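The structure appears below as structure tokens.
Coordinate-derived values only; no laboratory data. This structure is a prediction, so every number in the text was calculated from the model and none was measured. Cβ atoms come from the backbone with ideal geometry, glycine included; neighbour counts cover every protein chain shown.
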Amino acid sequence: MEPSSQSGPFGRRDMLRMAALVPVAAAFTAGCAAGSGAEGPDPLKALVTRARSDAALARAVAKAYPGLSQSATMIGSVRDEHASALQREIDRVNPPGGEKNSSKSPPAPSTPASSDAAEKALREALRAARKQAADLVSWAPSNRAGLAGSVSAGCASLLEVLR
Amino acid sequence: MSAQLSTKTEDALRSVLRAEQAAIWLAGLTRAYASEQRVASAITEAADGHRAHRDAAERLLRDAGVTPAPAAPAYQLPSEVEDQRTAVQLLITSEEDCAIGWRSVLETSEGAQLRRTALDGLTNAATRATRWRITIDKQPAAQAFPGKP
């Protein structure tokens, strides 16, 4: 939305352009700051694991409960996208070596016993995922703060879909 | 005067302030097109949320010794408003603008407190956008990465 007349020096376009430029600059600093390298697992790994297991749960629920199928399918696809984007960021900082990457799929989730239980399980999973990503936002390097913030806000949005 | 802001953070805060000011203005305009009471109430609630985030952006700028720009008297609409549906479509666009603005603050700032404020702004804009999409049955109702330009 641009201010009408010439009253403001900036418009929406400026903002979009600036926002688009930021991640590139941020990526430089992140390469150093996030290079956890030998000092232990990348903190994003825990987010990938949770995103994959949420996606598996959502797919199982979508299959078992037609009433939840639409929202659970959406949850599954969004959490899959989260897992992929987070994994890409992990691989960018620490390119995977020759050995097989730790992309082991999570254990198959047990399908909740009723539609109510399934909805509750999805809601709890999204709440936990929202918090997990939000916790990272406060201390992560800036490009990761943006990614984790979007993942957290994405999970919060999915909770609206379940309402 | 507390923390100094980097130029990038200051620019991001100025941008998101413009988006929040526009959202408040848009709420006033679209309320007249709400044909359902639940939509009218949701617009009022959204306006309150945007005022809180506008105030937060202004405060952060002032605390760093920067004078926040005032809101424009009116804004050019990217599409026409004819009824509740087209009004809600504009509300979605405006929430997406706010989400982009707050994510940009996240990506340019360092302090935990500032990032907390930005995450709140991003999350609220994203959830409101999702509720508006559900209101007019727009799919997909949720974006995977709200605020990603």
Scoring only Lys, Arg, Asp and Glu (+1, +1, -1, -1) among other residues with Cβ under 13 Å from the Cβ of B:Thr86 yields -1
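Select from chain B the helices, each a whole stretch of DSSP H, whose alpha-carbon atoms run 30 Å or more along the helix axis and whose Kyte-Doolittle mean is at least 1.6; answer none if there are none.
Details: long enough: B:7-31 (36 Å, -0.11); B:37-63 (39 Å, -0.85); B:84-108 (36 Å, 0.00); B:112-135 (34 Å, -0.54).
Answer set is empty.
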The set of residues whose placed amide H lies less than 5 Å from the amide H of B:Tyr75, leaving out same-chain residues fewer than 5 positions away, is A:Ser4
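Could you give the dipole magnitude of the range B:7-135 about its Cα centre, charging the beta-carbon of Lys and Arg +1 and that of Asp and Glu -1, in debye to the nearest 20?
Working: 16 positive and 18 negative charges, 39 e Å.
Computed charge dipole of the range B:7-135: roughly 180 debye.
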Cα→Cβ-extended label distance, 7 Å offset, between B:Ala112 and B:Gln4, nm: 2.3 nm
Efficiency of FRET from Cβ geometry, B:Ala40 and A:Thr49, R₀ 41 Å, rounded to 0.05: 0.40
The convex hull of the Cα atoms of the range B:7-135, divided by residue count, gives a volume in Å³ per residue of 91 Å³
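What is the local net charge at A:Ala121, summed over the other residues whose Cβ is closer than 12 Å to its Cβ (Lys, Arg +1; Asp, Glu -1)? Walk me through the intermediate numbers first.
Details: positive: A:Lys120, A:Arg123, A:Arg127; negative: A:Asp54, A:Asp116, A:Glu119, A:Glu124.
That works out to -1.
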Within a Cβ distance under 12 Å of B:Glu10, other residues only, what is the Lys/Arg minus Asp/Glu net charge? +1
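Find the relative contact order for the range B:12-56 and round it to a whole percent, using C-alpha pairs within less than 8 Å whose residues are 6+ positions apart. Don't skip to the answer; put the middle values down first.
Numbers: 22 pairs, mean separation 23.1, N = 45.
In percent, rounded to a whole number, it is 51.
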